[in-house]
Amino acid sequence: MGRAFLYVILGGGVAAGYAALEFTRRGIGHGELCIISEEPVAPYERPALSKGFLLPEDPARLPSFHTCVGAHEERLTPKWYKEHGIELVLGTRVMSADVRRQTLLTSSGETISYKTLIIATGARALKLEEFGVMGSDAPNVCYLRNLADASRLVNVMQSAAGGKAVVIGGGYIGMECAASLVTNKISVTMVFPEEHIMARLFTPTIAAFYEDYYSSKGVEFIKGTVLSSLETNSLGQVVAVNLKDGRRLPADMVVVGIGIRPNTMLFEGQLTIDEKNGGIKVDAKMQTSNRSVYAVGDVASFPLPLLGSRNRRLEHVDCARKSAIHVVSSIMDPKDTGNFDYLPFFYSRVFTLSWQFYGDNAGEVVHFGDLSSFQGPFGAYWVNGKGQIVGAFLEGGSKDEYEAIARICRVQPVVGDRLDLASRGLEFAVSGDYGPPLSAGDDMGLVVERQLYAWHAAAGVLVAFSISAFAYWYGRRRRRW
């Protein structure tokens, strides 16, 4: 038994919904597209799970956050897919894939064939057992990756109201879940091995602001250590968390957010895997090493022009949305579709705070604004070795201000005086009063904080001599022609 489709999207997350909408806008016919998902519901906006879904009052529930409401587009309910002739194969796992034969074998025994496959399998949450700690199956240990996880987390929070929670991990999930737990009147202790929260993105200065804010809400931080074991009672419920440094933390519930791993297993040995960044390696059209297969979202490692076309795998909803739209364009209109020129973007909203980051957090950091109080806006620029602004972070900005820092990261203007940049701060980006980007032929030595006049003079003489020599050679050569 089997079915055949022109296009198949494997994975029912954010990317699948945005790709489906783009396919319909480009005129695919009824019965040409199929979406296969392990989840029993149509694609939805995953960020809602760590935000609105966890609110104690008037929480977000489906169908309110089906894709593509996160980008102020249509809300794609199951009815929408049916009306557009898109086949949803839900609650179904694909057991094996054969990219040479262009087939997928599902857990029900059905073979689904395709002409073009889009891999949108996303990533899975890392489990404690992968770090040698048993206990993930305890009824009050929670992860957060999909709708089932979120529903379970809500139930556990309700049963632990007024109690104590231990959050393992200081990244996105840890920070957003900690805020939701506090809102649900649960005491929170966060445990992570790094020196500060959000260590992959935040500077120590930025992290200190958020740690102070969380502390003002009653959150406690234990840094520089990890979980060693979980204590359980006769019912199998966790009652305490034991840390490697010897401390014991009583707990009514545990939330684990220790990272994710891209879901590449079905395609290992068939497609090129990026061993350094993880994920399936694709080109600037999101095409894999097999011409009939593409990959998008968390599972894809793609070249970033703003970073010298080095490959990166980005774990964020914005990338999932935009890569999905781009891949459909690449498939349907390859001649007129350019390369995926993506500007890395991350954001979060916790309590009354809201921040956005664009670009790359590499190079010298220039902070600006008042970080001594809980009143924004404040932020930072990252300046690379050529003196270009390549990254920007902003807390408490307006729509126009966020657009301004995005624009400056796209332009990558050259800056000289870092003190002046810190003094002007956000105004520098908003004003648009900055020079052009550094062109490929510009001499990075001309952009320095301390001008090396002697070096410049010597360089000028050398350049002038080179130009004269070239002119002499060129004149003689033309006479030969």
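The values are calculated or read from the model by the stated rules, or taken from the named source; none is laboratory data. On a predicted model such as this, the values are computed, not experimentally measured, just so you know. For neighbour counting, all protein chains shown are included, and Cβ atoms are generated from backbone atoms with ideal geometry for every residue, glycine included.
Within the stretch 378-399, is even one residue under 24 Å from the mean Cα position of the chain (by Cα), among the basic types (Lys, Arg) and farther than 18 Å from PRO305 by Cβ? Yes, the stretch 378-399 contains at least one residue that is under 24 Å from the mean Cα position of the chain (by Cα), among the basic types (Lys, Arg) and farther than 18 Å from PRO305 by Cβ. Of all residues in the stretch 36-61, exactly one satisfies the criterion of being touching a Pro at 6+ places or on another chain (Cβ under 7 Å) and either in a loop (DSSP other than H, G, I, E, B) or closer than 30 Å to GLY109 by Cα (or both), namely ALA42. A residue that is without any contact (Cβ under 8 Å) to a residue 40 or more places away in the chain, crowded, with 21+ Cβ neighbours inside 10 Å and not assigned by TED's automatic domain parsing to the domain that holds ALA392 occurs nowhere in the stretch 148-167. Residues in the stretch 78-98 that are on the phi > 0 side of the Ramachandran plot and aromatic (Phe, Trp, Tyr): 0 in all.
Looking only at the stretch 287-324, count how many residues are closer than 16 Å to TYR7 by Cα and in contact with a Ser or Thr (Cβ under 6 Å, 6 or more places away or on another chain). Talk me through it step by step, then tell me what you get.
Of the residues in the stretch 287-324, the ones closer than 16 Å to TYR7 by Cα are 287-288, 290-296, 324.
Adding the requirement that they be in contact with a Ser or Thr (Cβ under 6 Å, 6 or more places away or on another chain) leaves 292, 295-296.
Residues in the stretch 287-324 being closer than 16 Å to TYR7 by Cα and in contact with a Ser or Thr (Cβ under 6 Å, 6 or more places away or on another chain): 3 in total.
Return yes when GLU194 is closer than 30 Å to TYR358 by Cα and in contact with a Phe, Trp or Tyr (Cβ under 9 Å, 6 or more places away or on another chain) and no when it is not. No: the conditions fail for GLU194. Cβ-Cβ contacts under 6 Å between residues 6 or more apart (or on different chains), taken from a first residue in the stretch 22-47 that is among the polar types (S, T, N, Q) to a second residue that is surrounded by 23 or more Cβ atoms within 10 Å (Cβ to Cβ), are listed as SER37/GLY12.
Filter the stretch 62-78 down to residues that are assigned to a helix (DSSP H, G or I), of a type outside the set (A, V, I, L, M, F, W, C) and surrounded by 17 or more Cβ atoms within 10 Å (Cβ to Cβ), then give me how many there are.
Narrowing the stretch 62-78 to residues assigned to a helix (DSSP H, G or I): 69-71, 78.
Still in the list and also of a type outside the set (A, V, I, L, M, F, W, C): 70, 78.
So of that shortlist, the ones also surrounded by 17 or more Cβ atoms within 10 Å (Cβ to Cβ) come out as 70.
The number of residues fulfilling the criteria is 1.
Residues that are touching a residue at least 60 places away in the same chain (Cβ under 8 Å) and of a type in the set (D, E, K, R): does the stretch 370-385 have at least one? Checked against the condition, which is being touching a residue at least 60 places away in the same chain (Cβ under 8 Å) and of a type in the set (D, E, K, R), the stretch 370-385 yields no hits at all.
When the stretch 188-228 is filtered for residues that are of a type in the set (Ser, Thr, Tyr), over 19 Å from PHE368 (Cα atoms) and buried (at least 17 other Cβ atoms within 10 Å of the Cβ), the ones remaining, listed by number, are THR189, TYR214.
Consider the stretch 298-345. How many of its residues are assigned to a strand (DSSP E or B) and buried (at least 17 other Cβ atoms within 10 Å of the Cβ)? It would help to see each step written out before you state the result.
At the first step, the residues of the stretch 298-345 found to be assigned to a strand (DSSP E or B) are 300-304, 310-312, 345.
Pick out the ones that are also buried (at least 17 other Cβ atoms within 10 Å of the Cβ) and you get 300-304, 311-312, 345.
Number of matching residues: 8.
Within the stretch 323-334, the presence of a residue that is outside the structural domain of GLY359 (by TED's automatic domain parsing) and without any contact (Cβ under 8 Å) to a residue 40 or more places away in the chain is excluded. Kindly establish whether VAL282 is of a type outside the set (Lys, Arg), within 30 Å of SER187 (Cβ to Cβ) and crowded, with 23+ Cβ neighbours inside 10 Å. Taking the combined requirement at face value, the residue does not satisfy it. One residue stands out among those in the stretch 371-389 that are within 15 Å of THR203 (Cα to Cα) and of a type outside the set (Gly, Ala, Ser): the one that is surrounded by the most Cβ atoms within 10 Å (Cβ to Cβ), which is TYR381. For the stretch 79-150, the strands (runs of 3 or more DSSP E) that sit wholly inside it and include 3 or more residues that are at pLDDT 95 or above and aliphatic (A, V, I, L, M) are 94-98, 111-119. Of the candidates THR103, THR77, THR92, the single residue that is in the same structural domain as GLY11 (by TED's automatic domain parsing) and closer than 20 Å to ALA320 by Cα is THR77. For the stretch 118-133, the criterion of being of a type in the set (S, T, N, Q), surrounded by fewer than 19 Cβ atoms within 10 Å (Cβ to Cβ) and within 26 Å of the chain's Cα centre (by Cα) is met by no residue. Suppose we filter LEU55, LEU33 for residues that are modelled with pLDDT of 95 or more and surrounded by fewer than 20 Cβ atoms within 10 Å (Cβ to Cβ); which single one remains? Being modelled with pLDDT of 95 or more and surrounded by fewer than 20 Cβ atoms within 10 Å (Cβ to Cβ) holds for just one of LEU55, LEU33, which is LEU55.
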